[in-house]
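The values are calculated or read from the model by the stated rules, or taken from the named source; none is laboratory data. None of these values were measured; they are calculated from a predicted model. Glycine also receives a Cβ, built like all others from the backbone with ideal geometry; neighbour counts cover every protein chain displayed.
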Amino acid sequence: MKPKVPVIAIDGPSGSGKGTVARHLADRLGYHLLDSGALYRLTALAASRRGISLEDSGALAKVAADLDVHFGSDAHGEEQIWLDGQDVTTELRTEETGAGASRVAALQPVRDALITLQRSFRRAPGLVADGRDMGTEVFADAGLKVFLTASAEERARRRHKQLKGKGIDVSLAALSRDIDARDRRDSERSVAPLRPAEDARMLDSSGQSIAAVVNAILGWAKEMS
Ligand code: DC
């Protein structure tokens, strides 16, 4: 039997640092990267552009199944995402798109529609997959699963800094409220709720540098190979 392409699954709540950590890990290992949250964000954005209601699960699943998306990077190596041939990188990161993503992500038909696309990112030499259900659903056979957390205050602070850097201005208090609401919706939903896989390693990134978190995960990855 052909050996399976290795996967490192990084799950956790919004602002835990998953995205940054996953990108660094993929760079260090020369692996492919899946930002699965972007697919839910793209579905919400495409639906809103087409005037599709965020309650119409059938139409939303179709939008998800037919996503015309392209992932790339700009001259500085920053992630860039195109939808229907148009650069939507900044729009994708707004809190509004995030809230829409959290709503469409609660719909099973949308999740089902995105499974094949997500699994198609698993290509040699390996994949780092970042999301909420990478270790529990999409890549349940991943060789290494990490559940990354951070305190709510730290997550709000990080998100604030990240958005400011992108020229998006939003108050810290409003951001904390949004993060709380989104966490609750993501953890309490009946389909694929945010929870660590039974065999996930727990890692609290509060007060830790990105490099320290990345090195801890690389250490685990080495143990595993
Ligand atoms: O990681 P993010 O903020 O880009 O994710 C946007 C939303 O998508 C978030 O509210 C949860 C949802 N999501 C999910 O349900 N499953 C994933 N694998 C990734 C994201």
Scan region 173-192 for residues that are surrounded by fewer than 12 Cβ atoms within 10 Å (Cβ to Cβ) and of a type in the set (A, V, I, L, M, F, W, C) and jot them down.
Ala173
How many residues, within region 98-141, are part of a loop (DSSP other than H, G, I, E, B), farther than 17 Å from Asp56 by Cβ and touching a residue at least 40 places away in the same chain (Cβ under 8 Å)?
11
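Can Ala142 be described as among the hydrophobic types (A, V, I, L, M, F, W, C), modelled with pLDDT of 95 or more and more than 12 Å from the ligand (Cβ to nearest atom)?
Values: among the hydrophobic types (A, V, I, L, M, F, W, C): yes; modelled with pLDDT of 95 or more: yes; more than 12 Å from the ligand (Cβ to nearest atom): yes.
Yes, satisfied.
Report whether or not Ala174 is modelled with pLDDT of 85 or more, under 23 Å from Leu127 (Cβ atoms) and hydrophobic (A, V, I, L, M, F, W, C).
Working: modelled with pLDDT of 85 or more: yes; under 23 Å from Leu127 (Cβ atoms): no; hydrophobic (A, V, I, L, M, F, W, C): yes.
Judged against the criteria, Ala174 is not a match.
What's the total number of residues in region 74-97 that are at pLDDT 90 or above and not in a strand (DSSP E or B)? Walk me through how you get there before you give the answer.
In the first step, residues of region 74-97 are kept if they are at pLDDT 90 or above; the result is 80-92, 96-97.
Narrowing the set further to residues that are not in a strand (DSSP E or B) leaves 84-85, 88-92, 96-97.
Number of matching residues: 9.
Would you check which residues across region 34-62 are touching a residue at least 24 places away in the same chain (Cβ under 8 Å), away from the ligand (no atom under 12 Å from the Cβ) and farther than 13 Å from Arg103 by Cα and list them?
We begin by selecting, within region 34-62, every residue touching a residue at least 24 places away in the same chain (Cβ under 8 Å); these are 34-48, 54, 57-58, 60-62.
Of the ones still in play, those that are also away from the ligand (no atom under 12 Å from the Cβ) are 46-48, 54, 57-58, 60-62.
Residues satisfying the conditions are Ala46, Gly58, Lys62.
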Which number in (1) modelled with pLDDT under 95; (2) more than 15 Å from the chain's Cα centre (by Cα) marks the one condition that Lys62 misses?
(1)
For region 18-33, how many residues meet the condition of being modelled with pLDDT under 95 and either within 11 Å of the ligand (Cβ to nearest atom) or basic (Lys, Arg) (or both)?
3
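Tell me the residue from Ser205, Ser209 that is away from the ligand (no atom under 12 Å from the Cβ), at pLDDT 85 or above and surrounded by fewer than 11 Cβ atoms within 10 Å (Cβ to Cβ), please. Don't jump to the end; show me each part of the working.
Values: Ser205 fails: surrounded by fewer than 11 Cβ atoms within 10 Å (Cβ to Cβ).
Selected residue: Ser209, the only one of Ser205, Ser209 that is away from the ligand (no atom under 12 Å from the Cβ), at pLDDT 85 or above and surrounded by fewer than 11 Cβ atoms within 10 Å (Cβ to Cβ).
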Test: residue in region 46-58 that is crowded, with 19+ Cβ neighbours inside 10 Å, out of contact with any Pro (no Cβ under 7 Å at 6 or more places or on another chain), modelled with pLDDT of 95 or more and more than 19 Å from Phe147 (Cα to Cα)
yes
Only one of (1) within 25 Å of Glu78 (Cβ to Cβ); (2) surrounded by 13 or more Cβ atoms within 10 Å (Cβ to Cβ) is not met by Gly165, so which one is it?
(2)
